[in-house]
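The values are calculated or read from the model by the stated rules, or taken from the named source; none is laboratory data. Just so we're clear, the structure is a prediction, and the values are computed from it rather than from any experiment. Glycine also receives a Cβ, built like all others from the backbone with ideal geometry; neighbour counts cover every protein chain displayed. All accessible areas refer to the heavy atoms of the entire protein, side chains included, with ligands and DNA or RNA removed. Shrake-Rupley method; radii C 1.70, N 1.55, O 1.52, S 1.80 Å.
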Amino acid sequence: MPANADRYTMRLGVPEPAVLQMMTATWCICSWIAVVASLVLIIGVLSCQKARGASFNLFLVGLAVPDLLLNMSSGITFTINLTDAAFTGSLSAARCDWQGFYHTFGVSASFWLNAVVAHEVFVLLRKTQRLESYWPPSRRAVIFRCVLVYAWASFVGTWHLWSVLPIRAVPLHGLTCVMIDYDVPSTIFFWLVYIPASSGIPCVYAVVVGYICWRDKLIAMPTAAVRLPIRVNNARTSARVSSALSGHSSNVALDEGDGSASAATPHSLAHAIPQRSLEQRSRQARSLSVYFARVFLVFFVMWAPAIMLIFMMSFPSPWPAWAGGAWAHLAGLFSALIGMSKRDVGNAVADMLSCGGRLRPPTRVSVAGGGAPCLGRIT
């Protein structure tokens, strides 16, 4: 490589064969470990009737699918390279095109789905603060949103195949092909069009939502829940209050005298719901929001250094790009581990790994709505 090589040429430098093999082997190991973790999470949730019945758990499955595809495709590619004695970093056009697609799909789908989940958590917190009933999205709605995100990520992932756009999959130090700029026009297109469409817009949206939640103190306990406790005087009113709390009816404001219903307001609903129930609901909303805040934090902590080392910086040495790639491949592992830290998801995975609970004492999965314990099989 010439001493005065520009940033585009630096990315094309291939290390010595022994070093290339070691780098590829490390990425291969990271990829397959992440594949196992993603599969365990997906199968664990889907094999448990109660776990897969929770909307936010299906979002976790949706987030694990792009990680699974990216790391499985990468693992297969790296395994082929390692078993090819003649491999010296030269990648065919067809392989580069496929790698460019699944890299874009995995990153784009992950960013956009995190934005979708951030929006849903924001709606939950806002309605909790206003003492309004919150209806989680149905399983069909969650699946529909995930499919839309996958379709958009697949669309962006094919841009390099059109030949009319200034973007293509470029070999990165002979390790893998990524969608990256290769001259001045492609740099402009890459940062003004490709990055916003694949990851920039959802990233900014998630950050803005986080800021609004912090600014408006959406995780704080609703003050009305502390100041406005009441006694429910009759069975009819009690039943309606319970229905409103469980989310199985529309918002209603209940009159203590005759149990009649009228249009709800946050103030009137606060009078209708006992303090303990409001406090419990607020704690549940805070717990869920804090949990997904950890999911978002891990996601950004894993991807931010990788994007900087691979796309934003250029070095004559391939080691910084290799470190960014290894860190990115481990993102699927840490995302799956954070997903399993949710109590009902962790119990579902434990049931699956213990063959439906036959290898350990039976336990119930704690999920809203009650019901039978998870049996560790698809029903």
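Brief remarks follow.
- Looking across region 265-313, not a single residue is among the acidic types (Asp, Glu) and at pLDDT 75 or above.
- Members of region 154-210 that are in contact (Cβ under 8 Å) with a residue 40 or more places away in the chain, open to solvent by less than 10 Å² (accessible area, probe 1.4 Å) and not in a helix (DSSP H, G or I): LEU172, HIS173, GLY174, LEU175, THR176, CYS177, MET179, ILE180, ASP181
- So LEU60, is it within 14 Å of THR176 (Cβ to Cβ), part of a helix (DSSP H, G or I) and either in contact (Cβ under 8 Å) with a residue 24 or more places away in the chain or of a type in the set (Ser, Thr, Tyr) (or both): no
- Residue in region 84-99 that is within 24 Å of VAL147 (Cα to Cα), out of contact with any Pro (no Cβ under 8 Å at 6 or more places or on another chain) and not charged (D, E, K, R) present: yes
- Residue within region 23-42 that is exposed (fewer than 15 other Cβ atoms within 10 Å of the Cβ), at pLDDT below 90 and on the phi < 0 side of the Ramachandran plot present: no
- Top-ranked residue in region 121-144 [being in a helix (DSSP H, G or I) and open to solvent by 80 Å² or more (accessible area, probe 1.4 Å); ranked as farthest from VAL45 (Cα to Cα)]: PHE144
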